[in-house]
Amino acid sequence: PTVGAAAQLVITAYPTFAVNGSAFGFDLNPTPNHLKVAIRDSGGNTITGSTATVTAAVNNSGTLVGTTAPAASGGIATFTNLGITGTTGTAYTVTFTSGILTSATYTTTLLGTSPVTAATVAAARWAS
C-alpha cells in the first residue's frame, strides 16, 4: 500500500492491568510485553521510517512512572516500563501525543500492590 503522511497515533499493544506504582502488566505473562504506539497515516499504514517521539501524560492527579517519551523505531514507540502511581481503585486515562498527530488514549483502573492474581486482573477489566 501507498503510505501517506503521518496523521495519527494508534495503540497496538494494550496492557491488561495496572498495579499502583509498577509497569503496566500483560495477562500475568512472564514473557515481557510492552505498551506500543504506532505512528500511522490516515489509511492506517504504519510510517516505518518515523523516529518521532511519543509522549505519555495521565489525568486525575496520577503520576507516570518509567519512560514517558520514547522515540519511535520503525514507526513504533515502545513504552518498556511505563506505569502509574495514584489511588488504588481509581480510573486513569493515559493520553499519547506526538506533535499535531491525532492522539491515542488508554484507560485503566489501578490495582493494589503486587502480587497480582488472575482474579484481580479480571476485577480490573470489569471495573474499567
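The values are calculated or read from the model by the stated rules, or taken from the named source; none is laboratory data. As the structure is a computational prediction, the values presented were derived from the model and not from experiment. Quick reminder, even Gly has a Cβ in these numbers, built from the backbone with ideal geometry, and neighbours come from all protein chains shown. What goes into the accessible areas is simple: the full protein's heavy atoms, side chains included, and nothing from ligands, DNA or RNA. Shrake-Rupley method; radii C 1.70, N 1.55, O 1.52, S 1.80 Å.
Below is a table of values for the structure above.
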{"read-out": "Residue 56 being part of a strand (DSSP E or B) and of a type in the set (A, V, I, L, M)", "value": "yes"}
{"read-out": "Out of 42, 50, sole residue that is part of a loop (DSSP other than H, G, I, E, B) and open to solvent by 50 Å² or more (accessible area, probe 1.4 Å)", "value": "42"}
{"read-out": "Selected residue (criterion: nearest to residue 106 (Cα to Cα)) from residues of the range 60-89 that are open to solvent by 60 Å² or more (accessible area, probe 1.4 Å) and outside any strand (DSSP E or B)", "value": "60"}
{"read-out": "Selection from the range 90-103 of residues that are open to solvent by 50 Å² or more (accessible area, probe 1.4 Å) and not in a strand (DSSP E or B)", "value": "99, 100, 103"}
{"read-out": "Residue within the range 29-39 that is assigned to a loop (DSSP other than H, G, I, E, B) and of a type in the set (A, V, I, L, M) present", "value": "no"}
{"read-out": "Within the range 1-39, considering residues that are of a type in the set (S, T, N, Q) and modelled with pLDDT of 90 or more, the one least open to solvent (accessible area, probe 1.4 Å)", "value": "8"}
{"read-out": "Identity of the residue in the range 90-114, modelled with pLDDT of 90 or more and over 23 Å from residue 39 (Cβ atoms), that ends up nearest to the chain's Cα centre (by Cα)", "value": "92"}
